[in-house]
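Data block below; observations after.
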Amino acid sequence: MTPEFTDLGDGYHAVPFEAVTLNGIFLPQLLESSQVKASTDWAVIGPDLRALEGENDRPYRYPSLEAARADVATLKSILKREEDGSN
């Protein structure tokens, strides 16, 4: 079975992609569906409790948990640089 909710740190969480609506809202009640349990793709929920979006303004689909972790690490790095005022 796919893990249901994976903490990626700093308020980011990976969840099965099929448990996120098209407008980026994570619905925990969907975790029990067989479609979600069979899902191998992931979405990342940010500190604002919305899924990170792709180019089409829909939740970004990660092919693996490792890809989600790597993207969050990159995003945190970018946000830290902006916060520090550097490029």
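List of remarks:
- Selection within segment 1-33 - more than 9 Å from the chain's Cα centre (by Cα) and part of a helix (DSSP H, G or I): GLU18, ALA19, PRO28, GLN29, LEU30, LEU31, GLU32
- Subset tally (residues that are on the phi < 0 side of the Ramachandran plot, free of Cβ contacts under 8 Å to residues at least 40 places away in the same chain and either buried (at least 16 other Cβ atoms within 10 Å of the Cβ) or part of a loop (DSSP other than H, G, I, E, B) (or both)) for segment 51-74: 11
- Among the residues of segment 1-26, those that are at pLDDT below 90 and surrounded by fewer than 17 Cβ atoms within 10 Å (Cβ to Cβ) comprise MET1, PRO3, GLU4, PHE5.
The values are calculated or read from the model by the stated rules, or taken from the named source; none is laboratory data. Just so we're clear, the structure is a prediction, and the values are computed from it rather than from any experiment. Here the Cβ is made from the backbone with ideal geometry for all residues, glycine too, and neighbour counts use every protein chain on show.
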